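The values are calculated or read from the model by the stated rules, or taken from the named source; none is laboratory data. None of the values given here were measured: they were computed from a predicted structure. Note: ideal-geometry Cβ built from the backbone for every residue, glycine included; neighbour counts use all protein chains shown. SASA here: full protein model, heavy atoms, side chains in, ligands and nucleic acids out. Shrake-Rupley method; radii C 1.70, N 1.55, O 1.52, S 1.80 Å.
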Amino acid sequence: MTKHMILIKNGFVYDPINKIDGEKMDIAIKEGKIVDPKKVKEKEAKVIDARGKVVMPGGVDIHSHVAGPKVNAGRLFRPEDGRRQVRPFGQGLRAETGFSVPNVFATGYRYAQLGYTTVMEAATPPLKTRHTHEEMSDTPILDQGAYLILDNNWVIMEYLKAGEYEKCAAFVAWMLRSMKCFGIKSVNPGGDENWGWGKNISSVRDRVIYFDISPAEIIQGLIRVNEMLGLPHSFHIHCNNLGLPGSYTTTLETFGLSDGMPISPKVGERSQNLHVAHIQFYSYGGEDWKTFESKGDEVAKYLNNHSNITVCLGQVTFDETTTMTADGPFEYLLQSINKLKWINRDVELETSSGIVPYIYRPRSLVNAVQWAAGLEVALLTKNPWQIMMSTDHPNAGPFTRYPRVVKWLVSKKAREETIAKCHETLPNRSSIASIDREYTLYEVAVVTRASAAEALGISGFKGHLGVGADADVAIYDFNPEKQDPSREPEALEKALSRALYTIKRGHIVVENGEVVGDAPKRVFWADICFDEELEKQVLDELHETFAKYYTVSMSNYPISEEYLVGSTPIKITSK
Ligand SMILES: [Zn+2]
């Protein structure tokens, strides 16, 4: 039985939000929150001896594809993946299936085994969000939230083109509230709409067919709307030209669009106005596949001069995986290269999507460059608070490989071993071999929990171990006094892969690397109204759009709160 109070004694604590760097101290838990250790008596509490162990806040993942129709389509589409890592029912746990697209139970359990407790679903089309909520509701242990895809939306493009930002903000507020979503997501702005015509976008200054608006106008418009609303998280983007040689120039142009734009959260304390997802996937130079090279160094150089931008890595892990994205035209390109099976979908008025299996091989020069590009950005960006761990699960590899990515971040030796297995031309196409930096455990704690909590605007109660925070704690069997991550990266990878303990809001959910229980989950969403009068006006105008173009009626479109398990509205008063 889990007691209401837990005392974690004498661990080496890494808690960057509170600037605690490996200090030996006690962490106390009462009623699901972190409390002052003096307030918890040893006799009344479950005592965990953490001597010689690492103690961190529960991990926070800012970008992972774990719930919704495209994830589920990926499962059905790849029975060969579903047959990997099967684990039957047992000890109160549900059956697990799948490696790169695990079922929802495996998703919750495996994140918990890594010491993660909060995971944001990276992309949900409004019309499909009911399904996304159904899957999040069924995902055990984790606190979650989802980003709503809004950039290729017909209504939004019309408002932004007309410069009607107030109306757009009123509409976005209604959409977030109706779909019970956390933030605004953009995927290949304009490109998805053009894909409906069999075309794409090749620069941020291109025009969207019929709507006659550019990606740059969509991006700046949505950053502006995001800040007018004061959302906890910044605008979150998957840039144009993902995956292509030379794409880094588009990335730098996209970065530049946020320059001088406001930063005004009404909840939380983020200091960025743009989050660029899976940066690895567009940090490439070269004219074509033959001259493909990493420009991770150029991307990092830009980040070093612009603190208003954060990125997550989308690090390649050299696995057989399943790519899935709302970037429909990109998936078309990918299947034309690897000739494997392909799903292509259109979501009326809103977005598109695609799914293609993919195998990343170190002997492929392109894949090796991709691997190097992600690490270059991580290692050459000086401020780790701008960096967040991700594999863009499952696109560059499954999230279960995060400990392996940490291994590469903390150890030059580990990188050299991998470089030796890569295509021999890699050193000519990337600076990875010459980089000496090795992350400290403190920096690992930043990029796996603290920076994401801050960028999401939830650092008041997530991603740290200060008094009043959610009692989400991970304990790892690694002794920083006796073990050196740089020289023993495999030991750290092993420790991070199977947490000794994971505690979620005061409940012990993992013990000795095994899942032992569940914890009440929450789904965070922005409960926001921009301007009641204006919203009424916008909805009146929308009735005609719905009647004319959508296959659903407007009254069936919103999702009621009762539909969610653990619904946790974040109240935001905009005006
Ligand atoms: Zn993604």
Inset, instruction - Quick one: which residues, 5+ away or cross-chain, put their amide H under 5 Å from the amide H of Met388? H built at 1.01 Å from N. - result: Val311, Cys312, Leu313
Legend entry - Table column - 3J(HN,Hα) (Hz), the stretch 432-447, Karplus curve with 6.51, -1.76, 1.60, x for Gly and Pro: 3, 5, 8, 7, 8, 4, 10, 5, 8, 4, 4, 5, 4, 5, 4, 6
Inset, instruction - Starting with the highest mean, order 96-103, 470-477, 287-294 by the number of other Cβ atoms within 10 Å, averaged over the residues of each peptide. - result: 470-477, 96-103, 287-294
Inset, instruction - Can you tell me the order of 503-511, 248-256 when each peptide is scored by its average per-residue count of other Cβ atoms within 10 angstrom, highest first? - result: 503-511, 248-256
Legend entry - Proximal charge balance of Arg270 [Cβ under 14 Å; K/R count +1, D/E count -1]: -1
Legend entry - Amide hydrogen neighbours beyond the local backbone of Ser64, cut-off 5 Å, H modeled: Met120, Ala122
Legend entry - For the chain: accessible area per residue (Å², 1.4 Å): 36 Å²
Legend entry - Debye, to nearest 20: dipole size of the chain, +1 on Lys, Arg Cβ, -1 on Asp, Glu Cβ: 1620 debye
Legend entry - Entries in Lys70/Lys575; Lys382/Lys521; Lys70/Lys161; Lys521/Lys575; Lys161/Lys185 that, when Cα-Cα distance is taken, lie over 24 Å: Lys70/Lys575; Lys382/Lys521; Lys70/Lys161; Lys521/Lys575
Legend entry - Set Lys19/Lys43; Lys46/Lys504; Lys462/Lys482; Lys9/Lys41; Lys33/Lys462; Lys266/Lys571 screened for pairs whose C-alpha atoms are more than 20 Å apart: Lys19/Lys43; Lys462/Lys482
Legend entry - Computed over the stretch 139-274, Cα set: Rg, Dmax in Å: 14.8, 45
Inset, instruction - Return a whole-number percent for the relative contact order of the chain, with Cα pairs under 8 Å and 6 or more residues apart as the contact set. - result: 20 percent
Legend entry - Ordering of 307-317, 530-540, 378-388 by packing [mean C-beta count within 10 Å, highest first]: 307-317, 378-388, 530-540
Legend entry - Between the stretch 62-121 and the stretch 187-265, the alpha-carbon center distance in angstrom: 30 Å
Inset, instruction - Rounded, prolate or oblate: pick one for the chain, where a ≥ b ≥ c are the square roots of the eigenvalues of its C-alpha gyration tensor, a/c under 1.5 means rounded, and failing that, prolate if a/b is larger than b/c, else oblate. - result: oblate
Legend entry - Cα gyration tensor, the stretch 382-519 - rounded (a/c under 1.5), prolate or oblate: prolate
Inset, instruction - Calculate how many DSSP beta bridges within the chain are antiparallel, expressed in % of all such bridges and rounded to the nearest 5. - result: 55 percent
Legend entry - Carbon and sulfur %, accessible surface of the chain computed with the full protein complex present, 1.4 Å: 49 percent
